[in-house]
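Below is one structure, written out as structure tokens; comments come after it.
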Amino acid sequence: TEAEVGATSISVTSLASADRWASNGFNSLTDSFNGGSAFTVTFLDSAKNTLASIAISDTTPQGVVDAINNSDLADYGTASIIDTGSDTDRYRIVLAGELGADNAFTVATTAAGSPKLEFQNHLNTAADSRVVINGLTVQRPTNTIDDVIDGVTVNLLGQSASTGSLSITRTTTGVKDRITELVDVYNAVDTQFEKLGDPDSTEDLGGSLSSDAVFRNISTKVKQLFSGASSTPGTSVSYLSEIGVSFTRYGKLEIDEDRLDESLVDHFDDIVTIFSANTDNQSNTGDASRGIAGDAIKTISELTANDGPVRSRSSTLESRIDDYEEDLEELDRKMQQIYSRYLAQFTAMEKAVDQMNNTKEYLKTALEALPFTNKNN
């Protein structure tokens with residue numbers, strides 16, 4: 001991520017190498033050097049100064065190897081036994097040093113007798129790598145160079161037949177995918193906000209927050225995160241609309257693909273700045289400018305905090321639900337009482353009507369039985 005876009009010419013003149021020394025040959029792994037008596041192996045630098053000396057008590061080839069490898073001689077040599085497959089002098093002890101000219105060494109022993117133990121076969125010479133980078137020769141005691149081209153580690157594999165070119169370009173696909181995902185998520189949230197705030201909505205929970213001031217404030221804050229200027233403006237870019245991410249007349253975000261692609265090439269650093277404030281270690285504390293992403297994280301955290309408006313409003317509404325449930329229970333009791341009273345009244349009324357109907361029928365029958373009635377005239 002620290003690499004700069006551009007091209008670098010590279011030519012490997014030589015690789016870093018390590019000193020390798022081989023002992024004289026011997027025919028059996030059970031042989032004992034120095035007649036079985038203890039001796040020393042000494043590592044010397046190129047000026048014949050003693051680097052380290054180790055006492056060998058187990059004088060077999062494996063004993064020598066183990067003594068060297070178990071000592072503090074890692075910077076000067078590690079030992080191994082190589083089976084050459086030869087008919088005579090089949091086995092040899094090989095010492096391998098570390099890469100770089102400064103790790104050059106020679107080896108001397110006090111072993112005498114037969115078989116002798118000498119390290120006079122110089123298989124490889126310690127040397128630094130030499131690389132020409134943009135015309136400048138660079139020398140390092142390693143084949144991994146990470147301090148010449150900013151943000152780039154170069155692993156040297158072999159000598160160059162000709163000068164090569166390392167081209168560093170920026171891949172913007174991942175960033176564009178994330179911006180597209182962000183737009184999709186915002187639009188999905190906005191759709192939910194519209195449903196909850198529309199008193200004419202017939203969907204599930206539609207219009208349930210249409211008159212809620214806290215909900216309207218939250219909706220406004222979320223929209224401002226995308227419509228306003230970033231708290232960390234870039235040199236040429238401050239608003240999402242300037243990179244091709246803008247609101248339609250219907251309140252939804254949309255992407256101008258061509259403009260976004262162009263902005264990701266021409267103003268990539270500015271886009272990083274307006275979103276992230278050039279940091280991947282955001283904090284929700286303090287008054288620091290955080291960019292669009294950091295401000296969004298902080299805003300959402302504050303809205304959904306234990307003492308934030310969402311939870312506070314939820315707690316208030318839940319307590320109201322409890323109150324409403326008690327009111328409903330009380331109203332149900334009253335309605336039951338009213339129902340019982342009306343039922344008794346209507347029952348009494350029905351009885352009275354029935355009595356009156358019976359009386360009417362009696363009177364009608366009695367009147368019709370009188371001798372002087374209108375029906376006889």
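For the reader, a short list of remarks on this structure follows.
- Close pairs (9 angstrom Cβ cut-off, 6 or more residues apart or separate chains): closer than 22 Å to ASP212 by Cα in the stretch 314-333, modelled with pLDDT of 80 or more and of a type in the set (Asp, Glu) anywhere: LEU317/ASP212
- Test for GLY286: is it of a type outside the set (Lys, Arg), out of contact with any Gly (no Cβ under 9 Å at 6 or more places or on another chain) and over 22 Å from TYR239 (Cα atoms): yes
- Flag for ASP146 being open to solvent by 30 Å² or more (accessible area, probe 1.4 Å), within 28 Å of the chain's Cα centre (by Cα), farther than 25 Å from THR299 by Cα and free of Cβ contacts under 8 Å to residues at least 40 places away in the same chain: yes
- Test: residue in the stretch 170-185 that is open to solvent by 90 Å² or more (accessible area, probe 1.4 Å), at pLDDT 90 or above and over 27 Å from the mean Cα position of the chain (by Cα): no
- Any chance ALA52 is at pLDDT below 90, surrounded by 14 or more Cβ atoms within 10 Å (Cβ to Cβ) and within 51 Å of the chain's Cα centre (by Cα): yes
- Residue satisfying condition, being more than 55 Å from the chain's Cα centre (by Cα) and touching a residue at least 24 places away in the same chain (Cβ under 8 Å), within set THR59, THR106: THR59
- In the stretch 226-237, residue nearest to TYR186 (Cα to Cα) [restricted to those that are in a loop (DSSP other than H, G, I, E, B) and open to solvent by less than 30 Å² (accessible area, probe 1.4 Å)]: GLY228
- Every residue from the stretch 230-258 that is among the small types (Gly, Ala, Ser) and under 16 Å from LYS298 (Cβ atoms): SER230, SER231
- Residue in the stretch 112-163 that is modelled with the lowest pLDDT, counting only those that are among the aliphatic types (A, V, I, L, M) and within 22 Å of VAL94 (Cβ to Cβ): ALA112
- Residue match in the stretch 203-225 (condition: crowded, with 16+ Cβ neighbours inside 10 Å, in contact with a strand residue (DSSP E or B) (Cβ under 7 Å, 6 or more places away or on another chain) and assigned to a helix (DSSP H, G or I)): no
- Complete set of residues in the stretch 239-248 that are open to solvent by 30 Å² or more (accessible area, probe 1.4 Å) and either in a loop (DSSP other than H, G, I, E, B) or closer than 18 Å to ASP270 by Cβ (or both): TYR239, SER241, GLU242, SER246, THR248
- Options ASP280, ASP190, ASP256; residue that is in contact (Cβ under 8 Å) with a residue 24 or more places away in the chain and acidic (Asp, Glu): ASP190
- Some residue of the stretch 183-200 being of a type outside the set (A, V, I, L, M, F, W, C) and touching a strand residue (DSSP E or B) at 6+ places or on another chain (Cβ under 7 Å): yes
- In the stretch 59-73, residue nearest to ASP45 (Cα to Cα) [restricted to those that are at pLDDT below 90 and open to solvent by less than 60 Å² (accessible area, probe 1.4 Å)]: LEU73
- Here SER162 fulfils each of the conditions (1) open to solvent by less than 70 Å² (accessible area, probe 1.4 Å); (2) among the polar types (S, T, N, Q); (3) over 39 Å from the mean Cα position of the chain (by Cα) apart from (1).
- Top-ranked residue of the stretch 18-49 - restricted to ones that are small (Gly, Ala, Ser) and touching a helix residue (DSSP H, G or I) at 6+ places or on another chain (Cβ under 9 Å), ranked as least open to solvent (accessible area, probe 1.4 Å): SER23
- Of everything in the stretch 88-131 that is more than 18 Å from THR30 (Cβ to Cβ), of a type outside the set (Gly, Ala, Ser) and out of contact with any Asp or Glu (no Cβ under 9 Å at 6 or more places or on another chain), the residue that is surrounded by the fewest Cβ atoms within 10 Å (Cβ to Cβ) is GLN120.
The values are calculated or read from the model by the stated rules, or taken from the named source; none is laboratory data. In this text the structure is predicted, and so the values were computed from the model without any measurement. Don't worry about glycine lacking a Cβ; one is built from the backbone with ideal geometry, like all the others, and counts go over all protein chains shown. With ligands, DNA and RNA removed, areas are computed over all heavy atoms of the protein, side chains included. Shrake-Rupley method; radii C 1.70, N 1.55, O 1.52, S 1.80 Å.
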